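Please read the structure below before turning to the comments.
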Amino acid sequence: MLPISEKTIRTSFVNASRKETGDLTLPGDLDTLDWDALDYLGWRDPKLARRAYAVVPTLEGELVGILFRQAEASPRARAQCSWCQDVKLPNDVVFYSAKRSGPAGRNGNTVGTLVCQDFQCSRNVRRTPPLAYEGFDVEAARRQRIEDLQLRAASFAAEV
Ligand SMILES: [Zn+2]
C-alpha cells in the first residue's frame, strides 16, 4: 500500500466515534514502515486492552479505517486467519469484532472475523511458498496470495 499520514489514518475510520479516533494510539513507526510490504495497516492499541485497528485500501483506492474489539474467548486451537488463510501460521489468530458503520452500528450491529493477532497477514503471504511440484511457479503463487489477501481485507472493509 502507499504510505499514509497520521491525519489520514485518524480521518479514515468508518465505525469509530470522534472520541475513539482521538484517543487511539498510532503505531510508533509510521515513518520507517516498509509500506510496500503491507497490504493493509493493522495494529493493536498499546494502551487499551482488546482494542485494535486496521486501515484497509479498497479496490477503488479509498482507505477504510476499522476499529476492532478482540473477543474475550479465544478461538479453538489452530484457527485459520480469514484474511491471509495462511496454513503455516507462525502466529496466533484471534476473533475480532467491528461495529458496523452508520445507524446499523449505533444499533449494536457488528461483524466479526478471525484475523492474525498482530495483523501479520502481509508478512505471511509474502513468505515463499513451498515448491508444490516440479515446475511450480513459486513467484506467481506468492503474487496470487498477496492479491487474495488484498481482496479479502477489502471485502471485509466493505461489509463494515
Ligand atoms: Zn492473517
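Worth pointing out:
- Within region 12-35, the set of residues being in contact with a helix residue (DSSP H, G or I) (Cβ under 9 Å, 6 or more places away or on another chain) and more than 30 Å from residue 103 (Cα to Cα) comprises just one member, 30.
- Per-region count, region 30-43, residues of a type outside the set (Phe, Trp, Tyr), open to solvent by less than 70 Å² (accessible area, probe 1.4 Å) and outside any helix (DSSP H, G or I): 6
- Qualifying helices (runs of 4 or more DSSP H) (wholly inside region 47-160; at least 2 residues being within 16 Å of the ligand (Cβ to nearest atom) and within 19 Å of residue 2 (Cα to Cα)): 121-126, 138-159
- Annotation note: Cβ proximity below 7 Å between a residue of region 87-100 that is closer than 29 Å to residue 14 by Cβ and β-branched (Val, Ile, Thr) and a residue that is open to solvent by 80 Å² or more (accessible area, probe 1.4 Å) and more than 10 Å from the ligand (Cβ to nearest atom) (sequence gap 6+ or interchain) occurs for 94/74.
- Flag for residue 43 being within 16 Å of residue 156 (Cα to Cα) and either under 16 Å from the mean Cα position of the chain (by Cα) or not aliphatic (A, V, I, L, M) (or both): no
- Restricting attention to region 63-79 and to residues that are modelled with pLDDT of 95 or more and not aromatic (Phe, Trp, Tyr), the residue that is most open to solvent (accessible area, probe 1.4 Å) turns out to be 69.
- The single condition from (1) touching a strand residue (DSSP E or B) at 6+ places or on another chain (Cβ under 8 Å); (2) without any contact (Cβ under 8 Å) to a residue 24 or more places away in the chain that residue 32 fails is (1).
- For region 118-141, a residue qualifies if it is surrounded by fewer than 17 Cβ atoms within 10 Å (Cβ to Cβ), in contact (Cβ under 8 Å) with a residue 24 or more places away in the chain and out of contact with any helix residue (DSSP H, G or I) (no Cβ under 9 Å at 6 or more places or on another chain), and exactly one does: 118.
- Checked against (1) surrounded by 18 or more Cβ atoms within 10 Å (Cβ to Cβ); (2) more than 17 Å from the chain's Cα centre (by Cα), residue 144 meets all criteria but (1).
The values are calculated or read from the model by the stated rules, or taken from the named source; none is laboratory data. Given the structure is predicted, the values throughout are model-derived calculations rather than measurements. Heads up, the Cβs are rebuilt from the backbone with ideal geometry, glycines too, and the neighbour counts pull from every protein chain shown. Heads up: the accessible areas ignore ligands, DNA and RNA and are worked out on the full protein's heavy atoms, side chains in. Shrake-Rupley method; radii C 1.70, N 1.55, O 1.52, S 1.80 Å.
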